[in-house]
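Any read-out appearing in this document is the output of simple, stated calculations on the displayed coordinates, not a laboratory observation. Everything quoted here is computed from the prediction, not taken from an experiment. Neighbour counts run over all protein chains shown; Cβ positions are idealised from the backbone, glycine included.
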Amino acid sequence: MIVHHLPEPRNPSRVVVIGARGFIGAALLRQFGSVGVPVLGLSSTDIDLCSDGAGERLAARLKADDTVLMLAALTPDKGRGVATMIRNLAMMEQFCAALAKAGCAHLVYFSSDAVYGLGPARVTEETSAAPQDLYGTMHLARELMAREVKAPVLVLRPTLVYGAGDTHNAYGPNRFRRSAVADGRITLFGGGEETRDHVYVDDVAALALRAVRSRSAGVLNVATGVSTTFRRVAELVASAATRPVEIVTTPRAVPVTHRHYDITNLLKAFADFRFRGLGDGIAGVRE
Amino acid sequence: MKPTIGFAGMTHLGLVSGVSASEKGFRVVCFDPDPARIGQLAQARLPVSEPQLDDLVAKNASRLSFTALPADLASCDVIYVAPDVATDDQGASDLGTINALLEVVFDAARADAVIVVLSQVPPGFTRGKQRPGRLLYYQVETLIFGRAVERALYPERYILGCADPSQPLPAPFRTFLEAHGCPLLPMRYESAELAKISINMCLVASVSTANTLAELCEKIGADWSEIVPALKLDRRIGQYSYLAPGLGIAGGNLERDLATVCSFADRLGTDAGVVRAWIANSRHRRDWALRTLHREVLSKIDDPVIAVLGLAYKQDTHSTKNSPSLALLSHLHPFRVRLFDPVVPASAAAHPRATPCASELEACDGADVLVVMTPWGQFGKLDPAAIGGKLRRKLLLDPYAVLKAGACRATGLRYFTLGVEG
């Protein structure tokens with residue numbers, strides 16, 4: 001459950017997005033820009049949080065009344081090992097040092113549903129975090145580091161995010177779409193029986209805007225509450241394609257797992273928020 | 001000669017128990033240290049709503065006396081200490097009131113009077129209050145909101161916590177209990193205190209099972225209402241078992257016992273995993289209406305108007321403690337709502353966009369959807385066609401199946417209830 005520190009939503013004086021060149025970061029810049037919120041986007045080309053003195057340089061760019069959105073992280077495609085985790089933690093250390101020095105009005109930390117592991121099929125914010133890999137462990141550790149910041153802190157845990165401009169190629173709508181365009185074929189693991197929740201990137205940004213305007217704090221999963229099989233996702237991608245697409249199944253190598261998000265807390269926090277349907281989201285993606 | 005019975009603490013439990021004792025022909029002294037409360041009661045203005053209660057107060061006025069003077073308890077042979085024990089949001093009991101009241105009763109009662117703790121207290125409480133030379137007992141109360149008088153007049157059994165269960169009960173106490181014609185089960189204090197909790201845990205287990213499987217029914221095309229009769233004919237489950245799906249556990253008493261078991265388990269190292277699962281399931285099901293509303297209305301209709309019938313936590317009561325209706329309304333502040341409850345005023349919802357309504361159909365007038373959040377009997381008498389005629393969109397959420405699904409659907413209403421796919 002999250003709490004809103006502002007009873008009446010209002011725009012912040014400025015939003016700073018750390019990790020602004022990434023898939024979600026870019027969507028946030030668009031979202032905040034579209035409603036006239038002053039926004040400063042910073043990426044590793046502006047300040048490399050892995051470098052010496054990065055905290056000092058970042059602090060110099062921040063103001064005490066900023067709302068800061070932290071997305072910068074080395075994602076699993078950059079490595080899944082110990083070294084990557086340590087670098088990510090070092091980045092967060094620099095980031096927290098900057099906030100300790102400069103202060104902020106509100107911090108939104110973008111974590112990941114990887115903190116839950118694959119144990120429970122049904123997930124709420126009350127589900128115990130039990131990461132099963134170093135990536136999830138890293139995010140959980142960074143969540144705890146974020147909570148040390150002296151300001152209202154919101155932790156967002158997005159599930160599988162899709163949309164135009166995805167810089168990754170994880171199994172799901174984005175990879176399926178590229179594969180359909182390039183090869184006219186989508187290859188599923190097994191028969192694609194697993195169910196997952198896919199959230200459109202602009203919906204993530206719209207929800208973040210809501211949370212920023214209410215100065216929300218706590219933990220919130222970012223998911224639609226509707227889970228779909230990968231088979232169905234492939235069919236939706238195929239139906240949206242401009243050429244015939246073959247859906248190919250493969251021998252199953254790992255057991256089927258499912259994931260369902262109970263988004264009741266999200267509905268309570270933002271009762272009138274609406275997610276885009278998966279079919280509409282997939283049909284609307286053009287790159 | 002019949003003994004005189006005293007009841008200390010004139011909130012729900014004490015008042016209903018005292019009035020019911022007078023109906024059994026006993027002279028009853030109703031004591032409360034709050035003179036204002038006694039003043040109201042003396043004018044037959046009752047702070048609680050229960051079937052039969054007002055009538056019995058009038059009928060037995062000659063045997064009932066209300067007093068704020070502890071000295072008046074000196075005429076009593078048996079004194080029940082029966083204040084409602086308040087709980088916090090976590091279900092933890094506030095024992096301050098009963099502790100204070102017990103002190104008053106100990107001071108005021110005759111040395112030979114039997115003092116009986118009737119309130120819901122945690123195991124160990126009564127033994128901790130025992131004093132040399134005093135006759136102290138604990139008695140399990142089985143008050144059910146909306147059926148409190150009936151339960152007090154016709155109990156299934158009396159569970160009695162005793163300092164020494166092998167000793168005979170004092171004559172006045174036995175006379176009063178035997179007037180109710182039910183089995184007496186004396187046992188040690190701690191067993192009786194835990195028996196009360198055990199009863200409630202069995203009820204919660206049944207309700208949680210019903211809720212868990214009803215939700216599954218909603219997803220796989222089964223109908224829980226078809227399954228229930230089969231279960232009730234099973235002797236191991238029984239015809240009176242709690243198998244109606246609901247919107248989680250409410251009212252405060254069951255939550256108190258859940259919290260008590262978890263607290264004891266944590267302190268003593270026993271396993272309470274299943275109890276915590278019941279609590280989680282209860283919280284999950286409480287939000288059925290919110291999720292269904294979102295899926296069917298809020299995610300599809302701009303600026304919808306929502307009619308809500310029922311604010312009390314259950315029918316035939318004024319209580320809104322942990323009311324699913326108020327919980328739902330607390331999450332609907334962005335939307336216009338139209339509210340009606342036969343007893344509870346709309347102001348109890350503290351909703352910024354609420355319109356109080358004088359009747360069920362007035363609440364439906366111009367709404368996009370009707371949600372029946374309390375199963376008041378009078379709601380079941382509503383004409384589905386009349387409801388449909390008032391609603392802008394023909395949507396009806398009726399979690400407790402107060403209305404007949406078939407009749408509603410026959411009039412063109414889209415009908416959603418617990419335990420079956422909408």
Centre separation in Å (Cα based) which lies between segment B:41-69 and segment B:186-222: 34 Å
Shape category assigned to segment B:5-192 from the gyration tensor of Cα positions, a/c cut at 1.5: rounded
Computed [θ] at 222 nm, helices only, for chain A once each DSSP H run of length n ≥ 4 contributes -39500 (n - 2.57): -11000 deg cm²/dmol
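Would you mind checking the pairs A:K150/B:K300; B:K314/B:K390; B:K300/B:K390 and listing those with alpha carbons more than 28 angstrom apart? Mind showing how you got there, number by number?
Numbers: A:K150/B:K300 39 Å; B:K314/B:K390 25 Å; B:K300/B:K390 20 Å.
Correct reply: A:K150/B:K300.
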Difference of contour (0.36 nm per residue) and Cα-Cα distance, B:A205 to B:E178: 6.6 nm
Estimated FRET transfer efficiency when R0 is 60 angstrom, pair B:L233-B:V104 (beta carbons, to 0.05): 0.75
Cut-off 14 Å, label 7 Å out along Cα→Cβ of B:D266, residues of segment A:1-29 by amide N: none
Neighbour-count order for B:F379, A:F32, fewest beta carbons within 10 angstrom listed first: B:F379, A:F32
DSSP bridge pairs, the protein assembly as shown: antiparallel proportion in percent, nearest 5: 15 percent
Distant-in-sequence amide H partners of B:G6 (H built 1.01 Å from N, under 5 Å): B:V29, B:D77, B:V78, B:I79, B:Y80
For the protein assembly as shown: span of alpha carbons on each principal axis (Å, largest first): 97, 62, 49
Neighbour-count order for B:M10, B:M201, fewest beta carbons within 10 angstrom listed first: B:M201, B:M10
Antiparallel DSSP beta bridges within segment A:75-229, percent to nearest 5: 20 percent
Nitroxide proxy distance, nm - points 7 Å out along Cα→Cβ at A:A130 and B:R134: 4.8 nm
Kirkwood Rh in Å, taken over all unlike Cα pairs in segment A:167-260: 14.8 Å
Segment B:197-285, dipole about Cα centre (Lys/Arg Cβ +1, Asp/Glu Cβ -1), debye to the nearest 20: 140 debye
Note, ³J(HN,Hα) from phi for segment B:355-369, Karplus 6.51, -1.76, 1.60, rounded to Hz, x at Gly and Pro: 10, x, 10, 8, 8, 4, 6, 5, 5, 6, 4, x, 7, 7, 8
Rounded tilt (10° steps) of B:273-286 against the dominant C-alpha axis of chain B: 50 degrees
For segment B:389-395, Karplus couplings with θ = phi - 60° (6.51, -1.76, 1.60), whole Hz, Gly/Pro x: x, 8, 7, 5, 10, 8, 10
Backbone HN-Hα couplings from phi across segment B:72-87 [Karplus 6.51/-1.76/1.60, Hz, Gly and Pro as x]: 5, 6, 5, 7, 8, 8, 10, 10, 8, 9, 9, x, 5, 9, 5, 10
Cα-based helix-to-principal-axis angle, B:12-23 vs chain B, degrees rounded to 10: 60 degrees
Efficiency of FRET between A:H5 and B:K2 - r from beta-carbon atoms, R0 60 angstrom, step 0.05: 0.45
Length-normalised contact order of chain B in % [C-alpha pairs under 8 Å, at least 6 apart]: 12 percent
Relative contact order, percent, segment B:15-141 [alpha-carbon distance under 8 Å, six or more residues apart]: 21 percent
Sequence-distant residues sharing a close amide H with B:D84 (under 5 Å, placed H): B:T11, B:H12, B:L13, B:G14
Within the protein assembly as shown: Cβ-based charge dipole about Cα centre, in debye rounded to nearest 20 (Lys, Arg +1; Asp, Glu -1): 980 debye
Gyration tensor verdict on chain B (Cα atoms; rounded if a/c is under 1.5, prolate if a/b is larger than b/c, oblate otherwise): prolate
Nearest 10 degrees, 0 to 90: helix A:230-240 Cα axis against chain A principal axis: 80 degrees
Pairwise label distance in nanometres, B:L153 with B:R283, each label 7 Å out on the Cα-Cβ vector: 4.1 nm
Label point distance in nm, B:K321-A:F189, each placed 7 Å from Cα along Cα→Cβ: 5.0 nm
Exposure proxy order (Cβ contacts within 10 Å, fewest to most) of B:E156, B:E50, A:E194: B:E156, A:E194, B:E50
Scattering curve values for segment B:360-422, log₁₀ I(q)/I(0), Debye with Cα scatterers, q = 0.16, 0.21 Å⁻¹: -0.41, -0.74
Gyration tensor verdict on chain A (Cα atoms; rounded if a/c is under 1.5, prolate if a/b is larger than b/c, oblate otherwise): prolate
10 Å beta-carbon shell around B:V204, net charge (K/R +1, D/E -1): -2
A:V222 long-range amide H proximity, modeled H, under 5 Å: A:R157, A:T159
Zone of A:R252's modelled label, taken as backbone nitrogen in segment A:158-179 under 20 Å from a point 7 Å along Cα→Cβ: A:171-172
